Amino acid sequence: MAQVQKRGKSRTPKIAKRYTGKQGKRSRFKTFKEKKQRGSQFNSYICRITREVTNSTIPKPKNMREVKDILDESQEKMDMAIMYLEDALAHIRAGKADVRLLDSIRVDSYGSMVPINNVAAVNTPDARSIVIKPWDKSMFRVIEKAIIDSSLGIMPENNGEIIRIGIPPLTEERRKQLAKQCKAEGETAKVSVRNARRDAIDALKKSVKDGLAEDAQKGGEEKLQKIHDKYIKQIDDMLTAKDKEIMTV
């Protein structure tokens, strides 16, 4: 009589028990620790791939400009406005001696028109006078005539050794005129700053059409406004300082 094989629950070989999960399914990981470690490695791999894709050089439309480039160009224009204002205010006579009052005056030296400080030593020994000492005595008359013919409006004194320019005190009416002139120069500088901001905004809008993200555009406009406000404040501070200088008797 053939021996009947007993039926019963099949036993999983001991060697396979290590691979069996809670629900009886086979698992690739021998222990929970190994599973956790492999999961961490997988997450690291995904993060690395994501970074590589993000940082990779994605081809951009040829006409699209970066936000940073637009902001840098705008800031350069605003810097030029500040430089213009500094120069304009320096040439407004405020009752105080300043060698920069002579910057616009040119003299003939060997056939070339050059600034006075190219042919003479110029300094301010006190707050009310500018002293010019030519290196060549033949330049005395040339420098004196150039000052008289200029828009400085002050008669120089020539004693054969030095040329002295005395800065007369300002009248109340003249102070008000100069303060008004400074304000006009400040407005010109502010218009230049606002124009630079407008050009940058237009460039950002154009870049959006060329493929720039709208979030990047909005962020660029916010940064641009902060830059604009900083330069406007700088102009106001410069005007306040110059107005104080003019009104100080």
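The numbers here are math on the coordinates, done by the rules we state, and not lab data. Note that the structure is predicted; figures quoted are calculated from it, not measured. Cβ atoms come from the backbone with ideal geometry, glycine included; neighbour counts cover every protein chain shown.
Take peptides 151-160, 91-100, 218-227 and line them up by average Cβ neighbours within 10 Å, highest first, as a rough protection proxy.
On the way: 151-160: 12.1, 91-100: 17.1, 218-227: 15.0.
With the highest mean Cβ count within 10 Å placed first, the list reads 91-100, 218-227, 151-160.
Within the range 143-208, report the trypsin sites (Lys or Arg not before Pro) that DSSP leaves as loop and that have at most 14 other Cβ atoms within 10 Å.
Working: sites: LYS145, ARG164, ARG174, ARG175, LYS176, LYS180, LYS183, LYS190, ARG194, ARG197, ARG198, LYS205, LYS206; in loops: none.
For trypsin sites (Lys or Arg not before Pro) across the range 143-208 that sit outside H, G, I, E and B with at most 14 neighbouring Cβ atoms in 10 Å, the list is empty.
Which net charge results for the neighbourhood of LYS242, defined as the other residues with beta-carbon distances under 14 angstrom from its beta-carbon, given Lys and Arg at +1 and Asp and Glu at -1? The partial results should precede the final answer.
Working: positive: ARG93, LYS96, ARG100, ARG175, LYS176, LYS180, LYS183, LYS244; negative: GLU86, ASP87, ASP98, GLU185, GLU187, ASP236, ASP237, ASP243, GLU245.
Residues near LYS242 contribute -1 overall.
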- Item | nm² value of the averaged projected area, convex hull over the Cα atoms of the range 99-166 | 4.1 nm²
